[in-house]
Amino acid sequence: MAKAKASVRGGNRRGSPEAIEKRRVARAFNDLLGGRGTGSQKLDGRTEKRRQRLLRELEQGKAHGQRELKPLDVLQRVHELLELGEPIASIRKVWKLPKPVGSNDGAIELVHRLHNAYAFRRETYRFVGITDEVLVEAGVIPGEGTRRVVRRKKPAS
């Protein structure tokens, strides 16, 4: 009988995005009206630990201390750190910028598709060696000379 009630109620919702957002908003609201200032500059404990872990992984070049970071992993970590308010200078201290990638049509199309899929901040791409020229040609950064990436059509059978 106890199992039937548990399945009717649903699973644990403490980790749902809505519950997390409610807790964050409640903390900020209490800080604001409780006289402790805005509280927006200070991260909560979990977020601060995550920020530290992301910086540590970039510094070591390994995900969770085991496998090497792939370029997409680097983009994701840098993007998340920037979203958390981490300055670019502090990220640069822990991650060495690689040599720039050449701008050929394949790279431009891939950057265009990657940006459409993930919508990384444009500052993140330099941490994997993608230059601003490639970003302009891929349409990530608006500018003169922006060209559209043309997808090749498959021949009719």
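Derivation of every value follows stated rules applied to the coordinates shown; laboratory data play no part. The structure presented is a predicted model; accordingly, all values stated were derived computationally and were not measured. Cβ atoms come from the backbone with ideal geometry, glycine included; neighbour counts cover every protein chain shown.
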* Label-point separation (nm) for E59 and R23, each offset 7 Å from Cα along Cα-to-Cβ? -> 2.6 nm
* Asked: Sorted from fewest to most neighbouring beta carbons within 10 Å, what does the list Y125, Y118 look like?
  -> Y118, Y125
* K62: which aspartates and glutamates have alpha carbons under 14 Å from its alpha carbon, excluding same-chain residues fewer than 8 sequence positions away? -> D73
* Asked: What fraction, in whole percent, of alpha-carbon pairs in region 45-96 exceed 14 Å separation?
  -> 46 percent
* **Segment L72-K96, extension gain: residue separation times 0.36 nm, minus the distance between their alpha carbons** => 7.1 nm
* Cα-projected label distance for R14 with L32, points at 7 Å along beta-carbon direction, nm -> 2.7 nm
* Asked: Looking at this model, which pairs from K49/K93; K22/K93; K22/K96 are more than 28 angstrom apart at the alpha-carbon?
  -> K22/K93; K22/K96
